[in-house]
Amino acid sequence: MEMPDIPAPDLRRIRVSGEPIDAGMLTREVSGPATGAIALFLGTVRDHSPGKEGITHLEYEAYEGHVEAKIDEIVDEATGRWPIDKVVVEHRTGRVELTEASVAVAVASAHRAEAFAAARYLIDELKARAPIWKKECWPGGGEWSAGS
């Protein structure tokens with residue numbers, strides 16, 4: 001069975017930077033008159049991870065010159081599978097404090113099922129494949145986490 005052509009999204013934006021992520025702005029950016037659903041995922045910094053308590057902040061590094069191209073490839077895959085109207089992916093680099101967002105995926109579509117599925121695919125693949133590294137920090141030390 002041949003897959004129907006899925007139109008390209010009206011908007012796609014990818015940003016990897018040290019700038020804070022504004023969830024409200026992302027929601028407004030992907031909103032539109034044809035949008036029936038917006039799935040917004042925010043990954044935030046917490047004070048623990050498996051086997052580690054007292055985390056004070058995270059530090060992220062990205063392979064500049066390659067990371068946005070890899071995320072763009074993942075966005076291509078998602079837009080080829082689901083009818084997405086708009087998509088924005090942002091990831092922080094540098095120091096990110098407790099409760100701050102380190103990653104965001106905003107997907108707009110006509111229907112919630114497609115928005116949820118595409119957003120989940122994007123965050124899962126980004127975490128698995130984007131060349132971004134995370135260091136968990138606590139008073140007196142820190143450790144780089146296993147990643148992509």
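Values for this structure:
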item: Scope region 1-43; condition of a type in the set (D, E) and at pLDDT 90 or above; matching residues; result: E19, D22, E29
item: Region 119-131 residues that are assigned to a helix (DSSP H, G or I), paired with ones that are β-branched (V, I, T) and surrounded by fewer than 17 Cβ atoms within 10 Å (Cβ to Cβ) (beta carbon under 7 Å, 6 or more apart); result: none
item: Cβ-Cβ under 6 Å pairs, at least 6 apart or on other chains, region 69-89 side more than 17 Å from A130 (Cβ to Cβ), far side assigned to a loop (DSSP other than H, G, I, E, B) and open to solvent by 60 Å² or more (accessible area, probe 1.4 Å); result: D85/D10; D85/A34; K86/D10
item: Which listed residue, of I74, I38, is open to solvent by 10 Å² or more (accessible area, probe 1.4 Å) and among the aliphatic types (A, V, I, L, M); result: I38
item: Condition check for I55: within 14 Å of the chain's Cα centre (by Cα) and touching a residue at least 24 places away in the same chain (Cβ under 8 Å); result: no
item: Hits in region 115-148 (condition: in contact with a Phe, Trp or Tyr (Cβ under 9 Å, 6 or more places away or on another chain) and open to solvent by 50 Å² or more (accessible area, probe 1.4 Å)); result: R120, W133, K134, K135, W144, G147, S148
item: Selection count, region 82-100, where residues are among the hydroxyl-bearing types (S, T, Y) and either under 12 Å from G18 (Cβ atoms) or open to solvent by less than 60 Å² (accessible area, probe 1.4 Å) (or both); result: 1
item: Condition met for T79 (touching a Pro at 6+ places or on another chain (Cβ under 8 Å) and open to solvent by less than 60 Å² (accessible area, probe 1.4 Å)); result: yes
item: Single match in R28, R95, R46 (criterion: in contact with a strand residue (DSSP E or B) (Cβ under 7 Å, 6 or more places away or on another chain) and on the phi < 0 side of the Ramachandran plot); result: R95
item: Residues (open to solvent by less than 80 Å² (accessible area, probe 1.4 Å), over 20 Å from V107 (Cβ atoms) and assigned to a strand (DSSP E or B)) located in region 42-71; result: H48, S49, K52, H57, L58, E59, Y60, A62
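The values are calculated or read from the model by the stated rules, or taken from the named source; none is laboratory data. Keep in mind that what you see is a predicted model, and the values were worked out from it rather than measured. Note that each Cβ is placed from the backbone with ideal geometry, even for glycine, and that neighbours are counted across all protein chains shown. The accessibility values were calculated without ligands, DNA or RNA, using every heavy atom of the protein model including side chains. Shrake-Rupley method; radii C 1.70, N 1.55, O 1.52, S 1.80 Å.
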